[in-house]
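Trainee: Okay, handing you the structure first.
The values are calculated or read from the model by the stated rules, or taken from the named source; none is laboratory data. Here the structure is a predicted model, which means the values were calculated and not measured. Virtual Cβ from ideal backbone geometry, glycine too; neighbours counted across all protein chains shown.
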Amino acid sequence: MNAVVCVLGCRPGSAALARRARVARDVFVARGARWVMACGGGSFAGRVEADELARMLEDGGVPADAILRERASRDTYENATEAARLLAERDLGDVVVVTCSWHLPRATTLFERAGLRVTGAVGAPPPGPTLLARAWWSARERVSLWKDSLR
């Protein structure tokens, strides 16, 4: 597989970040990928999203030399644009996007808009989301996609 597995970050120490890292590792192995990119430049209590993802990926068996880090982004839009910039430097453009399942449609759209070819998308499902949580995520993603379109 030539596609890079791009896993999107979120708050270090969160269950969501751990789920995303596990899914990214599984996709990396199952698809025989050469690279996995840990995305996210947000820093929480001195811990950067991409660095935490890279650590979890390594702990899960992904070789350190197969992990690329995108440490400049602060949101999903920037995850996509910064990943596209870094991958262009390596002449890579095919990606498999990994994030939470509720976030996947918008993330995939933004990665495509950034000029990347999304050859797969895998969502890490939250454990037993309530109807209220699902409604919140849906509304949040619609508003965020609208805001992203204005950039």
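Trainee: On the basis of being small (Gly, Ala, Ser) and surrounded by fewer than 18 Cβ atoms within 10 Å (Cβ to Cβ), does residue 144 make the cut?
Mentor: Numbers: small (Gly, Ala, Ser): yes; surrounded by fewer than 18 Cβ atoms within 10 Å (Cβ to Cβ): yes.
Criteria met by residue 144.
Trainee: Here is a list of conditions, (1) of a type in the set (A, V, I, L, M, F, W, C); (2) over 20 Å from residue 13 (Cβ atoms); (3) assigned to a helix (DSSP H, G or I), and residue 53 meets all of them except one; can you say which number that is?
Mentor: Checking residue 53 against (1) of a type in the set (A, V, I, L, M, F, W, C); (2) over 20 Å from residue 13 (Cβ atoms); (3) assigned to a helix (DSSP H, G or I), the one that fails is (2).
Trainee: Test residue 117 against the criterion of being surrounded by fewer than 16 Cβ atoms within 10 Å (Cβ to Cβ) and not acidic (Asp, Glu), and give yes or no.
Mentor: Numbers: surrounded by fewer than 16 Cβ atoms within 10 Å (Cβ to Cβ): yes; not acidic (Asp, Glu): yes.
Criteria met by residue 117.
Trainee: Wholly within the stretch 60-151, which helices (runs of 4 or more DSSP H) include no fewer than the required count, namely at least 3 residues that are farther than 20 Å from residue 40 by Cα and of a type outside the set (S, T, N, Q)?
Mentor: 131-149
Trainee: Does residue 29 fit the bill of being at pLDDT 95 or above and either among the aromatic types (Phe, Trp, Tyr) or buried (at least 19 other Cβ atoms within 10 Å of the Cβ) (or both)? I'd like the intermediate steps shown before the answer.
Mentor: Details: at pLDDT 95 or above: yes; either among the aromatic types (Phe, Trp, Tyr) or buried (at least 19 other Cβ atoms within 10 Å of the Cβ) (or both): no.
No: the conditions fail for residue 29.
Trainee: Let me ask something else about it. Do we find a residue being within 22 Å of residue 127 (Cβ to Cβ), free of Cβ contacts under 8 Å to residues at least 12 places away in the same chain and surrounded by fewer than 16 Cβ atoms within 10 Å (Cβ to Cβ) anywhere in the stretch 41-61?
Mentor: yes
Trainee: Determine which single condition residue 34 fails, assuming it passes every other condition in (1) buried (at least 16 other Cβ atoms within 10 Å of the Cβ); (2) under 23 Å from residue 93 (Cβ atoms); (3) touching a strand residue (DSSP E or B) at 6+ places or on another chain (Cβ under 8 Å).
Mentor: (1)
Trainee: A further question follows. Given (1) crowded, with 16+ Cβ neighbours inside 10 Å; (2) in contact with a Phe, Trp or Tyr (Cβ under 7 Å, 6 or more places away or on another chain); (3) at pLDDT below 95, identify the lone condition not met by residue 97.
Mentor: Answer for residue 97: the failing condition is (3).
Trainee: Quick one: which residue in 119, 81 is under 23 Å from residue 147 (Cβ atoms) and of a type in the set (Val, Ile, Thr)?
Mentor: From the options 119, 81, the qualifying one is 81.
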